[in-house]
1. So between LYS31 and GLN52, what do we pick up on full extension, going 0.36 nm a residue minus the alpha carbon distance?
2. Roughly what would the spin-label model give for ARG61 and THR80, points 7 Å off Cα along C-beta, in nm?
Amino acid sequence: MTAPNPRADSASKSPSNALSPLAQARYGGQKTCPISGEPLGSMGSAIPVTVQGQTIYVCCRGCVAKVQRDPDGSLHKVKTERGEQG
Ligand SMILES: [Zn+2]
């Protein structure tokens, strides 16, 4: 058996992808706070906020209040970031 193994090559192709599945799943695919734009976790644990039945994450308590004041806009930003536009 001297056939090359194509799987080994393609599986290790994108190093950025190999590193981040956990990080991406961590906040439901969200990486930044929709209010401040800060990376989630950069100011301590991200805080979950439920908006229209969906959980989104913000970076701090101050942003929780802002999400509650503008739930539509906040949810939209999160969806855009997750690539779920609309
Ligand atoms: Zn914040």
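Where a number appears in this text, it was derived from the coordinates with a stated rule and is not lab data. The structure presented is a predicted model; accordingly, all values stated were derived computationally and were not measured. Neighbour counts are summed over all protein chains in view; Cβ atoms, including those assigned to glycine, are modelled from backbone coordinates with ideal geometry.
1. 5.6 nm
2. For ARG61 paired with THR80, the spin-label model returns 2.9 nm.
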